[in-house]
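S.K.: Encoded as structure tokens, here's the structure I'll be asking about.
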Amino acid sequence: MTQTVKIALIGAGFFARNQLFAWAGIEGAEVVAICDRDPARLAAAGEEFGIARRYTDAARLFADGGFDVADIATTVASHRMLVGMAAAADVHVICQKPFAQTLADAKAMVAAVQATGKTLMIHENFRWQSAVRQVIDALRSGAIGAPFFGRVSFRSGYDVFSGQPYLAEGERFIIEDLGIHILDIARALFGDVTRIAATTRRVNPKIKGEDVATMQLLHKSGVTSVVDCSYATKRSPETFPESLIEIDGTEGSLRLDAGYRLTIQRNGGSESRDVSPPLLPWAERPWHNIQESVQIIQQHFVDCLRDGRQPETSGADNLQTFALVEAAYLSAAEGRSVDPGSL
């Protein structure tokens, strides 16, 4: 694919604005249409980003066509329907996480797009945060030898509910909404998982789902990792929205500490450097690390289309992360470790 990639964005809510800004910063990509059921939100996004083609009905959008990619930025309940429409329209697909309401739905959507020969990528952007990417690259380059233990942590007291009030209403919360990202980082670092054991707790009485989760993973590579998530952690300074990482390897250790400080220790020596993400012109602190990762993952998607290769977070790959989420909830409910491959 050498021509301009034409994109239709479906959903103009809280997070979609980041995707619109990111697309505008990618050479050879253009959002040519936008769709949202809320006419006021649709008009606001269309005016801000100069998008003339606007739809309140996704079926009408797909019927009119004229685009190469459907970027689905809606909530999870609509994903199976919209991915099915995209497959029927024979276009490439980017879909927000959580990808599906059930693992069966996720598998069906992956199969539907695979049958068309088009590309499906899940917008699993945390592994594309530039600071996290430097950890991944250092580990893959052998900077600390072979890893045998890791911890990926996201602990915060930040009020995520004010911007996304629906998060307080679901029976599931932190593993499904945030933990999926942190589990995906663990997979990017250490590979797929054979067993997971999880505990959860609801600390905030005003929400329905769990806001604390601790998970222990045994990876096929032999690495043991701990993934811990909390939106009930009260501390200062607040580290939202940073993911903190520590890894022990056969030749040394690595840490990504608060404040985007990456430290690699090996052979008695220590190297520490600032890996703070840049503040893009349209971004704002403290969200700038996530906002930058949106542009990085969307650039990765365009590059993959042009090179004829699958994205790192393809639909097929994301089934492994999705299975970890389901296995974590099952483990917490039944008090046992679970093989995600058995689901």
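S.K.: Check off (1) touching a residue at least 40 places away in the same chain (Cβ under 8 Å); (2) in a strand (DSSP E or B); (3) under 28 Å from Gly259 (Cα atoms) for Ile180 and give me the number that stays unchecked.
M.R.: (2)
Per-residue answers, yes or no, for (1) β-branched (Val, Ile, Thr); (2) more than 21 Å from the chain's Cα centre (by Cα):
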site	(1), (2)
Gly11	no, no
Leu20	no, no
Gly25	no, no
Asp38	no, yes
Ala44	no, yes
Arg54	no, yes
Gly65	no, yes
Val69	yes, no
Ile72	yes, no
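S.K.: Still on this structure: Just give me the residues in segment 307-343 being within 14 Å of the chain's Cα centre (by Cα), hydroxyl-bearing (Ser, Thr, Tyr) and outside any helix (DSSP H, G or I), in sequence order.
M.R.: Result: Thr313, Ser314.
S.K.: Could you figure out which of (1) in a helix (DSSP H, G or I); (2) touching a Pro at 6+ places or on another chain (Cβ under 7 Å); (3) not charged (D, E, K, R) isn't true of Met121?
M.R.: (1)
S.K.: Another one. Modelled with pLDDT of 95 or more, closer than 25 Å to Ser225 by Cα and in contact with a strand residue (DSSP E or B) (Cβ under 6 Å, 6 or more places away or on another chain): is that true of Glu334 in this structure?
M.R.: No: the conditions fail for Glu334.
S.K.: Restricting attention to segment 134-146, does a residue exist that is touching a strand residue (DSSP E or B) at 6+ places or on another chain (Cβ under 9 Å), open to solvent by less than 50 Å² (accessible area, probe 1.4 Å) and assigned to a strand (DSSP E or B)?
M.R.: Filtering segment 134-146 down to residues touching a strand residue (DSSP E or B) at 6+ places or on another chain (Cβ under 9 Å) leaves 134-135, 137-139, 142-146.
Still in the list and also open to solvent by less than 50 Å² (accessible area, probe 1.4 Å): 135, 138-139, 142-145.
Then keep just the ones that are assigned to a strand (DSSP E or B); that gives 143, 145.
The answer is yes, given that some residue of segment 134-146 is touching a strand residue (DSSP E or B) at 6+ places or on another chain (Cβ under 9 Å), open to solvent by less than 50 Å² (accessible area, probe 1.4 Å) and assigned to a strand (DSSP E or B).
S.K.: Sticking with this structure for a sec: Which number in (1) part of a helix (DSSP H, G or I); (2) free of Cβ contacts under 8 Å to residues at least 40 places away in the same chain; (3) over 30 Å from Val5 (Cβ atoms) marks the one condition that Ile175 misses?
M.R.: Ile175 satisfies every listed condition except (2).
S.K.: Filter segment 312-333 for residues that are over 21 Å from Ile72 (Cβ atoms) and either in contact with a His (Cβ under 8 Å, 6 or more places away or on another chain) or hydroxyl-bearing (Ser, Thr, Tyr) (or both); which is most open to solvent (accessible area, probe 1.4 Å)?
M.R.: Tyr329
S.K.: Which condition does Trp287 not pass, out of (1) more than 30 Å from Lys6 (Cα to Cα); (2) at pLDDT below 95, if it passes all the others?
M.R.: Result: Trp287 fails condition (1) only.
S.K.: Follow-up. Could we say that Ala45 is touching a Gly at 6+ places or on another chain (Cβ under 8 Å) and among the small types (Gly, Ala, Ser) here?
M.R.: On the way: touching a Gly at 6+ places or on another chain (Cβ under 8 Å): no; among the small types (Gly, Ala, Ser): yes.
Taking the combined requirement at face value, the residue does not satisfy it.
S.K.: Kindly indicate whether Ser293 is over 18 Å from Met215 (Cα atoms) and among the polar types (S, T, N, Q).
M.R.: Yes; evaluated as a whole, the condition is true for this residue.
S.K.: Could you count how many residues in segment 115-133 are open to solvent by less than 20 Å² (accessible area, probe 1.4 Å) and either out of contact with any helix residue (DSSP H, G or I) (no Cβ under 7 Å at 6 or more places or on another chain) or β-branched (Val, Ile, Thr) (or both)?
M.R.: Residues that pass the stated criteria total 3.
The values are calculated or read from the model by the stated rules, or taken from the named source; none is laboratory data. Quantities reported herein were computed from a predicted structural model and do not represent experimental measurements. Counting neighbours? That spans all protein chains shown, and the Cβs are built from the backbone with ideal geometry, glycine included. These area figures cover heavy atoms from the full protein model, side chains too; ligands, DNA and RNA do not enter into them. Shrake-Rupley method; radii C 1.70, N 1.55, O 1.52, S 1.80 Å.
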